[in-house]
1. Filtering region 178-189 down to residues that are closer than 22 Å to residue 284 by Cα and either within 11 Å of the ligand (Cβ to nearest atom) or touching a residue at least 24 places away in the same chain (Cβ under 8 Å) (or both), which residue is nearest to the chain's Cα centre (by Cα)?
2. Among the listed residues 249, 240, identify the single one that is under 15 Å from residue 173 (Cα atoms), buried (at least 17 other Cβ atoms within 10 Å of the Cβ) and near the ligand (Cβ under 10 Å from one of its atoms).
3. Just give me the residues in region 150-177 being within 16 Å of the ligand (Cβ to nearest atom), in contact with a helix residue (DSSP H, G or I) (Cβ under 9 Å, 6 or more places away or on another chain) and either within 25 Å of residue 88 (Cα to Cα) or not in a strand (DSSP E or B) (or both), in sequence order.
4. Kindly indicate the residue of region 193-208 that is within 16 Å of the ligand (Cβ to nearest atom) and out of contact with any helix residue (DSSP H, G or I) (no Cβ under 7 Å at 6 or more places or on another chain) and also farthest from residue 80 (Cα to Cα) among those meeting that condition.
5. Out of the residues in region 293-322 that are touching a residue at least 60 places away in the same chain (Cβ under 8 Å), under 23 Å from residue 248 (Cβ atoms) and in contact with a strand residue (DSSP E or B) (Cβ under 7 Å, 6 or more places away or on another chain), which is surrounded by the fewest Cβ atoms within 10 Å (Cβ to Cβ)?
6. Within region 70-82, does at least one residue satisfy the condition of being surrounded by fewer than 15 Cβ atoms within 10 Å (Cβ to Cβ), farther than 21 Å from residue 283 by Cα and in contact (Cβ under 8 Å) with a residue 12 or more places away in the chain?
7. Restricting to region 36-58, what's the tally of residues that are touching a residue at least 24 places away in the same chain (Cβ under 8 Å) and surrounded by 15 or more Cβ atoms within 10 Å (Cβ to Cβ)?
8. I'd like the residue in region 217-232 that is over 15 Å from residue 274 (Cβ atoms) and part of a loop (DSSP other than H, G, I, E, B) and, out of all such residues, is nearest to the ligand (Cβ to nearest atom).
Ligand SMILES: *Cc1c(COP(=O)(O)O)cnc(C)c1O
């Protein structure tokens, strides 16, 4: 068996031993199958390939200092997948089935769960696809739900640090009444070009304004946005952003600290007033923002003078991570022990 170099993992794909699959046929879900194949035999006319009937999720399993393996808010991932299913007319994966399969695939691949000290984690990727052969645009009759895992390296290789972002006006990732609130692959395809432009210009990521008025802050790449000012946590309210479970958790922690939490439209101008700002999601928990450039107006909004993350972002980041790793009290019952 090959040794894994835990210290040098990237956010890539590594083959593990097993994935778990379940098929939806004749209006119901079948038995969970354990599979060691990495490929999916599929009809070339499957609806996922042509009409984007595809949804996914993303979460992690954490090897904790107490030796246990935990997953974070897995019931929220199940609920969000169900919301996505409604959005693009796929059958819901029941919460119990979702959680059972997450536990199973993590346990089956225990040897791929990185040690705590490495900072690496086991990324869990649930995927739901329409598989019926069809040429007309209709929802598929049959579906495959599978979950695979792969070990991934820590997001911050050189320690928790800030990054610059850029507002991109030429592209939208989603429309106000479109699929932005669902975790579907098409939104990612729609973001590739803006992301490439941002990278070419030397930024970590692109920032989207609301698609309709181009006036309000929406999402930063594939992460939610938040700002901190006057003891208040502010995050956009929008019908085109994905409801991040990390953001939801940070809002709860901020509230627990006695901060005010506001979910509302954030006009671009208001960025000037934020003391701190960050992008949040499962990958990084928080990726603090050094500054956001608006190349069309020449404005730069700066949130960190010395390039260091702000005190509230640091506190939230450490607190949430410590809950995920079973180090600090999990008073909201967010974590599930998968391996004792
Ligand atoms: C998955 C995702 C997020 C982050 O959600 P988490 O549940 O916090 O990982 C944010 N924005 C988009 C577009 C996403 O797809």
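1. Start the filter on region 178-189 by keeping residues that are closer than 22 Å to residue 284 by Cα, which leaves 180-185, 187-189.
If we keep only those that are either within 11 Å of the ligand (Cβ to nearest atom) or touching a residue at least 24 places away in the same chain (Cβ under 8 Å) (or both) as well, we get 180-185, 187-188.
Details: 180: 13, 181: 12, 182: 12, 183: 9, 184: 12, 185: 12, 187: 13, 188: 12 Å.
Only one residue fits best here, namely 183.
2. Details: 249 fails: under 15 Å from residue 173 (Cα atoms).
Selected residue: 240, the only one of 249, 240 that is under 15 Å from residue 173 (Cα atoms), buried (at least 17 other Cβ atoms within 10 Å of the Cβ) and near the ligand (Cβ under 10 Å from one of its atoms).
3. 154, 168, 171, 172, 173, 174
4. Restricting attention to region 193-208, the residues satisfying the condition of being within 16 Å of the ligand (Cβ to nearest atom) are 193-195, 198, 204-208.
Of the ones still in play, those that are also out of contact with any helix residue (DSSP H, G or I) (no Cβ under 7 Å at 6 or more places or on another chain) are 193-195, 198, 204, 207-208.
Values: 193: 26, 194: 25, 195: 25, 198: 29, 204: 27, 207: 23, 208: 22 Å.
Filtering region 193-208 for residues that are within 16 Å of the ligand (Cβ to nearest atom) and out of contact with any helix residue (DSSP H, G or I) (no Cβ under 7 Å at 6 or more places or on another chain), the one farthest from residue 80 (Cα to Cα) comes out as 198.
5. Kept after step one, since they are touching a residue at least 60 places away in the same chain (Cβ under 8 Å), are these residues of region 293-322: 293-296, 303-304, 307-310, 312-314, 316-317, 319-320.
Imposing the further condition that a residue be under 23 Å from residue 248 (Cβ atoms) reduces the set to 303, 309-310, 312-314, 316-317, 319-320.
From the residues that got through so far, the ones that are in contact with a strand residue (DSSP E or B) (Cβ under 7 Å, 6 or more places away or on another chain) too are 303, 309-310, 312-313, 316-317, 320.
Values: 303: 22, 309: 25, 310: 19, 312: 21, 313: 27, 316: 28, 317: 21, 320: 21.
It comes out as 310.
6. Checked region 70-82: no residue is surrounded by fewer than 15 Cβ atoms within 10 Å (Cβ to Cβ), farther than 21 Å from residue 283 by Cα and in contact (Cβ under 8 Å) with a residue 12 or more places away in the chain.
7. 12
8. 222
None of the figures in this text is laboratory data; all of them are computed from the coordinates on show. Computed from a predicted structure; not experimentally measured. All Cβ positions, glycine included, derive from the backbone under ideal geometry; neighbour counts span all protein chains shown.
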